[in-house]
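The values are calculated or read from the model by the stated rules, or taken from the named source; none is laboratory data. Quantities reported herein were computed from a predicted structural model and do not represent experimental measurements. Heads up, the Cβs are rebuilt from the backbone with ideal geometry, glycines too, and the neighbour counts pull from every protein chain shown.
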Amino acid sequence: MRKRKNHRNTQSGFTLVEVAIVLVIIGLLVGGILKGQEMIKNAKVKNFTKQADELRAAVNTYRDRYRIFPGDDNDPVGHTGVGGLTPGNANGQISGAEDEDVFMHLAASNLISGSYSGNFPNHTFGGTSTLVWATIAGRTTHWINNTNVPGDVGRMVDASLDDGVWNTGSVRSSANYNNNVPVTLSLEF
């Protein structure tokens, strides 16, 4: 005689505890990714402000050395020893086409690296940086203008360096800070 085995059709699946553990792991992974992205953005913002500080330092070193702004220098060849540099009008303002010569004068005096021929350096967020005498939101002075800065980054920079208001203080913007709209962010020199 044979014994008959009772075969039950059993369904296997995940228990509630297993599902909860998987959801916790997924939550931790998503949280880690989001925190990592935030850390990367914060590092880029710090690099952005560092670039502006380095430009200020280079321009001030040039002024200390030659007693004139780069770009506005009426004798950049005599000062740097590098031929082919365009002289400025020596009026104490980097204005007009002189902004195109600022970085060439700085590079010729070995205060910044790179090769510039009427082009501007890119900042951390992909736009360009210039130094120019201008009136921005009612204040006339030298400004470091940074194009194509994400609005939320502009807000962060303004809040960390100034008053957080887009059209007042030493950090000004071309428009109110909107997370999805790039702005030209101007930092007072």
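Only one residue in ASP152, ASP158 is farther than 19 Å from ASP99 by Cβ, surrounded by fewer than 18 Cβ atoms within 10 Å (Cβ to Cβ) and touching a residue at least 24 places away in the same chain (Cβ under 8 Å). Which one? Of ASP152, ASP158, the one residue that is farther than 19 Å from ASP99 by Cβ, surrounded by fewer than 18 Cβ atoms within 10 Å (Cβ to Cβ) and touching a residue at least 24 places away in the same chain (Cβ under 8 Å) is ASP152.
Take the conditions surrounded by fewer than 16 Cβ atoms within 10 Å (Cβ to Cβ), in contact (Cβ under 8 Å) with a residue 60 or more places away in the chain and under 25 Å from ASN122 (Cα atoms) and apply them to ASN60. Does it pass? No, not satisfied. Among the residues examined, ASN167 does not qualify as outside the structural domain of ALA90 (by TED's automatic domain parsing), touching a Pro at 6+ places or on another chain (Cβ under 6 Å) and within 29 Å of ARG63 (Cα to Cα). Restricting attention to the stretch 136-149, the residues that are within 16 Å of GLU98 (Cα to Cα) and more than 19 Å from the chain's Cα centre (by Cα) add up to 1.
One residue stands out among those in the stretch 162-180 that are at pLDDT 95 or above and outside any loop (DSSP other than H, G, I, E, B): the one that is surrounded by the fewest Cβ atoms within 10 Å (Cβ to Cβ), which is SER173.
Candidates ASN145, ASN42: the one that is closer than 22 Å to VAL183 by Cα and part of a helix (DSSP H, G or I) is ASN42. One residue alone among GLY88, GLY118 is at pLDDT below 95, in a loop (DSSP other than H, G, I, E, B) and not aliphatic (A, V, I, L, M), and that residue is GLY118.
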